[in-house]
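Notes follow the structure.
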Amino acid sequence: MIEIRTITVKNFRSFTDAQFAPLGAGQGVTAVNGANGVGKSSIATHALLWALYGVTPGGVPVKALRQEGSDGDVEVCVEFTHDGQTICVTRALRGKKDTKTAAITVDGVEQTNVSSRTATSWVTQRLQANAEAFTAAFVVRQKELDALVRARPAERRAVIER
């Protein structure tokens, strides 16, 4: 099981510097709630997928991850627990050329020889899920949530078990 502890962002989308932590950790489900346009999808989907897998959903270009008007480095760190270990995966766009970097720590010990490509392979192997499988298993998108709420109990169960 994977449990997200924090998602920390810098110069990411609409956020200059922010940290998000689920309330009620260990409860099994986390919901992100808020008004339209406040950045729910930026955190729950864009930041999570980019940090873990180096991809953006829906064809959003990586350069669009930078906060508009910012010339600082873009950084996203996702800290989570998996198999009793605390893991932190960080991805960044550094410098004027937006050089992609990645780092991984396991229980506070930095893993060596980590690049953007090797970080993606490491996460995929560790979680036994690529980005597409991770999204299908852990993220319920806005339209899907509406359908889930309206579903009959048997349909809802099938969606959750999927």
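Show me, for segment 50-61, the HN-Hα J-couplings you get by feeding each phi into the Karplus relation (A = 6.51, B = -1.76, C = 1.60, θ = phi - 60°), rounded to Hz, glycine and proline as x.
3J(HN,Hα) across segment 50-61, in whole Hz: 5, 4, 6, 10, x, 10, 10, x, x, x, 5, x.
Calculate, for Q85 and S121, the FRET efficiency according to 1/(1 + (r/R0)^6) with r their C-beta to C-beta distance and R0 22 Å; round to the nearest 0.05.
My answer for the efficiency is 0.80.
Where does each of 7-13, 62-68 land if you order them by average Cβ count within 10 Å, highest first? Before the final figure, lay out each step's value.
Details: 7-13: 22.0, 62-68: 14.1.
Answer by packing, highest mean first, reads 7-13, 62-68.
Sticking with the crude label model, points 7 Å out along Cα→Cβ, report the distance from N36 to N130 in nm, one decimal please.
3.5 nm
Could you rank F134, F20 by how accessible they are, 1.4 Å probe, largest area first?
F20, F134
What residues have an amide H closer than 5 Å to that of R13, excluding those fewer than 5 places away on the same chain, when H is modeled at 1.01 Å from N in the peptide plane?
Residues meeting the amide H criterion: R66, Q67.
How much length, in nm to one decimal, is gained on full extension between Q111 and K97, taken as 0.36 nm per residue of separation minus their Cα-Cα distance?
Gain in length upon complete extension: 2.5 nm.
The values are calculated or read from the model by the stated rules, or taken from the named source; none is laboratory data. All figures in this text were calculated on a predicted structure; none of them were measured in a lab. Because the Cβ atoms are built from the backbone with ideal geometry, glycine has one as well, and the counts that use them run over all protein chains shown. To get the accessible areas, we keep the full protein, side chains included, count just its heavy atoms, and leave off ligands, DNA and RNA. Shrake-Rupley method; radii C 1.70, N 1.55, O 1.52, S 1.80 Å.
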